[in-house]
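Encoded as C-alpha cells, the structure appears first; notes follow it.
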C-alpha cells in the first residue's frame, strides 16, 4: 500500500514543522487524528478512516503548538519512517496523506507517532492548485493568452434577483459605449419574494440609515476572472451580509488584450457611475459612503482608482486591499524565499506584469511600484485610509509591506493585517482562522469609517 | 478592437436578470469552525447566522457526496475524492515543472495542453483527462479536425436560396437516383392523417422542482419612463392573473402610451407584450383556455421568419454549430452514420455537417439523414425539396448521402421502427458495419410539454433507436412556470434581453436596410413566441421553454446522461460570434458540460448532448 520511501521523499519538498501533542492518544481516539490531518474536513466522522472524530475534536482544542521545532532535515529518513508508521497505524488510505505532504505540512510527534497536518487546508489546496493548473495552460510564454480556453475553464454564476440568504444580485451595463458591466449585490428589498416586485425595489436604498457601498475589483492578476466568476460572486455575497453593504463588482477589461490603464479607467468609471446614482447615497447628508476593495490585481486597481478619486475630489471612505498585487524591478527577499512555493512563482508574476504594463515598461512603472523610483507622492492628496491584508506565505508580501510603508511615509492612515501562516486565496474559503479574523477586520474597518 | 455601432444609445442603462440554475442553488457552504458560530453570543453578527443557515440547507440538499465548500465556488468534487484529486493535481504539477525545467516551450508544445477539455467543474474528471493525455505515448492525430475557416464561412452562405452554387459541376460517376432515397416513405401518408393534438384543458402535471427557485429580474432602462413601463406591464399581468380583466384592460391602454415615449428595444418588447395581453384580456374566454390562431396558413410565414432569425443573429447558428460539433465528435471513426432531425425546416443545420464530414480524415462516412417536419397547409412537400438540395450539395462534395423526409403532426406520433426503417434499396445489407445514430432537436422538445405524456413518449422513442448521441438546443428560460405571472415575468426579462441583443449586434454581410429588415423579421419571430407564452393556454401554449436544469432533470429521469461538450466546440463557437459585430456583447458559457450563448452575462439558448445512461462513450464497432 505504501509507496517506496524514495518516492515519498520525492514528493516531500516543503519544510517541516513539528507540533507536539501534550499527550499520546490511545486506541480509537488516536485514529481520529486522521481527521486532524485535514483541518477543514473535520465533520462528524473522519472521512478517511470512518472513525468518529468527536474525541479528536476535543483533542484538537487541547493541542498545543510548539513553534520552532524543526525536523532535523526534510530528507531525513527518520521522519519518513515515522510518517509511514503513522499511516499504517491509522489504516487510512495512504494517498490522502501523501497528497497533503506536498504542501506546507506540519508533522507532529505523538510520542512515537507522527501527526501531519497542513498549513493549507486540503480544500484550499485543491482549489488554488486547480487555478494554477488552468492558468498555466492559458498563459503562453510568448505573452499571448488563450482567452477562449480561459473562459471555458472559468466557473461562472448568473446573477440572481431572488434572494439567497437575503442577498440579491443583478447585472447592469453601466456604460453602453464601452460595454462596461457590473454586477450589483444588495440586501434583498422587502417583499422581494413576490414575483412582480424584485425589480421595483432594486433601485431603492436598502436602508433608510447610512449604509456602505463597496466597489469591488476582482483579482486574477489583471488577466483572469470576471465579475460573474463563482469565487468572486461568493465573496461579494459575503460582503453584503458582513457589512450590510451594496457591493458593485466591476467587470473591468483584462490584459493582455487590454493593457494599462484600461483596468483603472473602468474602475474609475464605476466609481463615477456610483457617485451619480441617487439610491446609493445614504444618511441625512445623502452622501455616497463608498469603499474600494479588491484582491490581487483588484487591490492594485483599488489603489489607483483611489488616487484618481483623491485628485478629482470624490470622497472615498476607505480602501480594502486583500493581498494586493504590487511589484518592482528588484527581487525582494520574500520573492526569492517563496518562489515556487505556495502556488506562485516569480516567473508567473513577471508574465502578468509584462502582459499588463505598457509595451516596453519595466516593473518600476508606477502602476506596479507606486512608491518606487518612478512613483509619485500622495503627501499633498487627500488620499483615503486603507486596510491592507498581507499573507505571510505570499511571495509578493515584501511589495505589499513596502506599499504600507509608502502610505505611512506619505502620512496616510493605514492598518496592516499580517497573517503569517496564510497563503494567497485564503479569503475564498471559510475554513481557516485567517478567513474569519480577516472578515472581522473588514467588517470593523467598514463600520468604523462609514 | 472593433468599432462599435450602437443603435440604442438613447437609453444607456440596461439590467439583465437571471433565474437561479437549479442544480447549483443556493451557494451553500459548510462551516467548519464551530467555535465561531455561537450566533446567540452577540458580537459576531448576522453573517455568522447566515452561514449557519446555509449549512442547515446544505445538509438538507443531499448532493451525493459533493463537497459543499467547493460546490459553492462552482466545482463539483466528491468529498471522498478530495485527497485523490489533490494527488493528481500534484502529479500534473510535477509533470509540468519537469517539462518546464527541460525546456520552456516543451510544456506548451505538449499535446495535452492543446487537448480538448471537458466539463471543468468536475475537477477530478478534468484532471484525469489531462493526465491520461500526458501519459499517452506519442501524440495521436487530433480528433475531429477543426472545421477550417472556409467551412465556417460556408455555413453562413448556405441559405436554401444559396444552394444553387452546389448544383454546378456534378460528378459523373454518381447518379443521384441511385444514391439518394428522396421520396418520403409511404408510411407518412398515414401519419399525416392522424388526429391532431387533442386540446387538453388541464396543465400538464409536469411542474418540475424548478418552480421553486427561479425568481427573475427584468431588462430595464433605468430612466424613469422605462421603469414605469415595466411596472405597468407587471401590474397588468398581475390583474390578468387575478382575473380582474377590467383593471387589466385599463392598464394595457396606458402601456401603449408609455411605450410610445420609449426608444429601442424596450418599446418594441413592451409592444409585443401589450398586444399579447390585450388578446388575452379581450378575447372571449372559453373553459378550455384562450384559443390561439396558430393555423397552417402561418407555417410558410413562420419558416420565413425563422430564416431571418437564423440570418440576423447568432442564436440559431450557435445552436446548429455546437450540436454539429457534438455529433461530429460522436461520429468519429464511424463509417455509417445516421442523423434524425426532429425539426428539419429548411435544413439549415446540415450543409455545415456535410462539409465537416467531407473533410474528415480518413474520408467521409456514408451519411443518412431523416428529416421530420409538420404537414404543410398546401400539401407541398418542402421536406423533399430540402432533401434534394442537400443531396446536390452532398454529391458535389462527394459524401455518400441518403435522405428521408417524414411528415408528422407531432413528434409523439413517431415510432422507433419508422425512424430506423429497413434499408429499402438493399444497400448496406452486405455491410457489416452498424449504423451509428444521432438524434438532433433544435427548439422542438419544449412543444411536447403541452401534451401530457408526449415528451416521455418521444424520449422513449429516442432511447429505442439507440443513438450514440442526442443533441438538444433549447431556450434557456423557464416559460413553463406554474402561474401566469411567473411565466410573464420570466418572459419579459428573457425577451427584453433578446431584443436588446438584436439592437446591439449586426449580422455579418449586411447593408443597413437588409439589417433593419432582418432585425424586424427576427423581432416578429420572437414576437410570435411572446404571443404564445402570454396569450395562449392549454395545448395551444406550445412555447413551453424550460431551463437547462429542468431539461437535465427530465433527461436523467428518462434514462439519459450528459455528454459534455468540450473546449473545442466552445472555442469555435466563440470565434463564430466574432462575425457578429465583433461578438462583444455575446458570450459563450460552459455549464456542467453544456454550452450556452448569452447576451452579456444572461444565457439565452443552450446546447446539451446526451446518451443512454450506462452506455460506454464509444462502443466498439462490432455489434
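FYI, it's all coordinate maths here, none of it is from the lab. Please read these numbers as outputs of a predicted model, since none were measured by experiment. All Cβ positions, glycine included, derive from the backbone under ideal geometry; neighbour counts span all protein chains shown.
The table below gives the values:
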{"read-out": "Relative exposure of B:277, B:69, judged by other C-beta atoms within 10 Å (fewest first)", "value": "B:277, B:69"}
{"read-out": "Length gained when the stretch residue B:242-residue B:93 is fully extended (0.36 nm per residue, less Cα-Cα span)", "value": "47.5 nm"}
{"read-out": "Gain in span if fully extended, residue A:142 to residue A:379, counting 0.36 nm per residue against the direct Cα distance", "value": "81.4 nm"}
{"read-out": "Label-point separation in nm, residue A:449 to residue A:286, each point 7 Å along Cα→Cβ", "value": "2.6 nm"}
{"read-out": "Estimated FRET transfer efficiency when R0 is 41 angstrom, pair residue B:300-residue A:257 (beta carbons, to 0.05)", "value": "0.35"}
{"read-out": "Computed over region A:137-237, the ratio Rg/Rh where both radii use C-alpha atoms and Rh is Kirkwood", "value": "1.06"}
{"read-out": "Order of B:234, B:304 under a 10 Å beta carbon neighbour criterion, fewest first", "value": "B:304, B:234"}
{"read-out": "Where labels lie 7 Å past Cα in the beta-carbon direction, separation of residue B:397 and residue A:177 in nm", "value": "4.4 nm"}
{"read-out": "Separation of the residue B:516 and residue A:416 label points, Cα + 7 Å toward Cβ, nm", "value": "6.5 nm"}
{"read-out": "Averaged over B:568-574, number of beta-carbon atoms from partner chains that fall within 10 Å", "value": "3"}
{"read-out": "Region B:321-421: relative contact order in percent, alpha carbon pairs under 8 Å with at least 6 residues between", "value": "30 percent"}
{"read-out": "Ranked list, fewest to most other Cβ atoms within 10 Å of each Cβ, for B:445, B:393, B:579", "value": "B:579, B:393, B:445"}
